[in-house]
Amino acid sequence: MKRTAPAKKKTARVTIRDVAKDAGVSVAAVSKVLRDAYGVSENLSLKVRASMKKLGYRPLASARGMRGRTYTLGLIFPDLRNPFFADIYAGINSALERTQYQAMQGVSPTATALIEAMIDRQMDGLILIGPNEELEMLIETAERTPLVAIGQHDSSGDAFDTVNNDDKLGARLVVQHLMKNGFRNIAMLSVSEPASTVVHHRELGYCAEMTDQQCADFIHIVRAPQVARDVQVAVRRLLESKNRPEALFCWTDLMAFEAISVATELGLGIPDDIAIVGYDNTIFCDFAQNALTSVDQSGELLGLQAARLVVERINGRTNAEHLVITPRIVARNSSHPRSPHQD
């Protein structure tokens, strides 16, 4: 007859009292160490944390929340297809390395439901990346929890912090670079509504610089949904038109890669037949098949600064900070000066 193995006894969870007993301190002292309370000596902190490690103690997030903090931050991305978001995420993680905070991420083009879920789970603060929400909704969220927005040019008073690239300047730099290399008929590939303030600022910068360069007659903004097939259709239609532009400025690298693919399929030379410039300077720009000129907006720096600001908000800062990072052009073969026979 087959014997059934005896069920293993469930190991009792280590409690804060067990840690206090092992460290030879009071429960209140352990609680202060967990909260990073003011006045806790380094010696006490080391002693308590040594006992925590020895016993395998892990405080419940819910219990931490009852004491004031969970040491979790909510990150909300509009999607994960854009490789630029990985740079932002790396910067946030780098900033949090020497803190107790852990970043939890959610992905949605509309952040409302995720915001509610993260607040319900008592996350200490939120970082929204490229939010599409109305300003009023962001202000309401900031009144409930510390909030920092990356890629949000609208701000209001001291409600929340923002970290932005100077998107108008970035677009101007693209037009200046292309003009210098002999391209005047420059079109822009943008995104359909609803568009964020980032898109709006890049379009404004493009139009303003084209006007300043006496090329206003060439201003042409093509908008497409952020879906690969739709982008390809829009680019193909543009490149097969009678008035094909000499250069194409794409609002993200992701769209620029699609443009390169379509141009190659059509047998067009890059940059002699069509120059292409992207925005974000993601790692794929360096690949030989792309060699994409792009605007570097320092994704890791954006993420690092956002993490710093949200922790400062959690720690009590109430005055708003609005940081703006200066972009730069990283030139590659996709916008190399035109060959003489193309002039």
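Observations on the model:
- Structure-derived Cα Rg over 2.2 N^0.38 Å: which label, when the choices are (1) 1.09; (2) 2.80; (3) 1.27: (3)
- Within a Gaussian network of the chain (alpha carbon springs, distance under 10 Å), most fluctuating of Asp18, Asp124, Asp167: Asp18
- GNM on the chain, alpha-carbon springs under 10 angstrom: the most fluctuating residue among Ser261, Ser26, Ser298 is Ser26.
- Degrees between helix 197-212 axis and first principal axis of the chain (Cα, 0 to 90, nearest 10): 30
- Axis angle, to the nearest 10 degrees, between helix 228-239 and the longest C-alpha principal axis of the chain: 20 degrees.
- Residue with peak Gaussian network fluctuation, the chain [Cα springs, cutoff 10 Å], from Ile283, Ile314, Ile221: Ile283
- 17 Å Cα cut-off, lysine pairs counted over the chain (separation 8 or more, or different chains): 6
- Across the chain, the longest run free of exposed loop sites, meaning chymotrypsin sites (Phe, Trp or Tyr not before Pro) lying outside DSSP classes H, G, I, E and B with no more than 15 other Cβ atoms within 10 Å, spans 39-286.
- For region 215-303, the list of trypsin sites (Lys or Arg not before Pro) that fall in a loop by DSSP and count at most 14 other C-beta atoms within 10 angstrom reads Lys242.
All of the numbers you see were taken from the coordinates with simple rules; none came from a lab. These figures come from a predicted structure and were not determined experimentally. Every residue, glycine among them, receives a Cβ derived from its backbone with ideal geometry; neighbour counts consider all protein chains shown.
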